[in-house]
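I have placed the structure first, in the form of structure tokens, so that the comments after it can refer back to it.
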Amino acid sequence: MKRELAEAAKDLAAYLRNQDENLAEPPCMGAAKAAPVLSPAVKTTKKAAAPQPAAEKENPPAPAMTPKRPADMDALAEQVKNCRSCGLGGTRLNAVFGVGTYKAKVVFVGEGPGFQEDHKGEPFVGRSGQLLDKILETVLGLKRSDVYIANIVKCHPMKNPADPESHGNDRPPTPDEISACRPYLDEQLRFIKPACIVTLGSVPTKVLLKTDKGISLVRGSAYDYPVEIVPGRPIKVIPTYHPAALLRNPNLKRDTWEDMKMVKAFLETGKIP
Ligand code: URA
């Protein structure tokens, strides 16, 4: 009798497990269509060791995003404009979706909008942006309209959200804000299908490569993006310094130029030198 009861309990548990799996129809875009994650940051050149997976709090799993998968970039931009997935959506002046061509071979990814970007609704329009434009032109021979530029978070993280008109009110995005916004970037990448992503500074590098290593340890090499955007063709990630870091420390320019030359060679030959 006892055995029969135990068997019945086992059957019931299996049935309930099955029900749970059947009901676990992904309710939203982020969960439903997320591409399989490849092994973390596969290094493709010789120098640095592959980054290690970051702590969970640095890279929390992407949560549910929006109820419908957008048909195109314009529909996605509209979703971002109306997004309230985190607190930044209620305090920003403008959502900063991205700028450039949807046919870009290379996508530059920064951390998040600052004061100027929040006011204009466009990424990298302040001093850092002017320097980025100069780097694009002098090393790659490209204009911002030839590439695509976006950020990990689309809204301005402010120390004092009640005062979007004050300068010096920027702060880095929190892990929760990153996690709420992260699916938008992958969706942008799915529409653009670039050959290469350049991460600007530590925050986007850590997030996209799932590493806890700082930019100075990771730059100088190319990695495979650990999210499959185009089946069978990993996007290369080439990390470099954030232009704001170059403004603070011009000694970093030499390394940045080297990284950009790697980007140029990859765009021209399809190979990492
Ligand atoms: N810094 C960033 O990371 N992104 C911007 O858009 C502007 C400055």
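The values are calculated or read from the model by the stated rules, or taken from the named source; none is laboratory data. None of the values given here were measured: they were computed from a predicted structure. A quick note on method: Cβ atoms are made from the backbone with ideal geometry, for glycine too, and the neighbour counts reach across all protein chains shown. Just so you know, the surface numbers come from the protein's heavy atoms only, side chains and all, with ligands and any DNA or RNA stripped out. Shrake-Rupley method; radii C 1.70, N 1.55, O 1.52, S 1.80 Å.
Pairs to check: LYS68/LYS264; LYS68/LYS206; LYS68/LYS213; LYS134/LYS271. Give those whose C-alpha atoms are more than 30 Å from each other in this structure. In this structure, LYS68/LYS264; LYS68/LYS213 lie more than 30 Å apart at Cα. Across the stretch 73-269, the relative contact order, built from alpha-carbon pairs under 8 Å that are at least six residues apart, equals 23 percent.
Provide HIS156, HIS119, HIS167 ordered by accessible surface of protein heavy atoms (probe 1.4 Å), highest first.
Per-residue accessible area, sorted high to low, gives HIS167, HIS119, HIS156.
Scoring 240-250, 121-131 by mean Cβ neighbours within 10 Å over their residues and listing the highest first yields 121-131, 240-250.
Would you mind working out the magnitude of the charge dipole of the stretch 139-236 relative to its Cα centre, with +1 at each Lys and Arg C-beta and -1 at each Asp and Glu C-beta, to the nearest 20 Debye?
Charge dipole, the stretch 139-236, about its Cα centre: 380 debye, nearest 20.
Between PHE191 and ASP74, the distance separating the two model label sites (each 7 Å from Cα on the Cα→Cβ line) works out to 1.0 nm.
For the pair ARG248 and GLN130, the difference between a 0.36 nm per residue extended length and the Cα-Cα distance amounts to 41.0 nm. In the stretch 73-269, the C-alpha radius of gyration followed by the widest Cα-Cα span (Dmax) gives 15.7, 49 angstrom. In order along the stretch 76-88, the Karplus-derived 3J(HN,Hα) couplings, from 6.51 cos²θ - 1.76 cosθ + 1.60 at θ = phi - 60°, round to 5, 4, 5, 4, 5, 4, 9, 5, 10, 5, 9, x, 4 Hz, and Gly and Pro are given as x.
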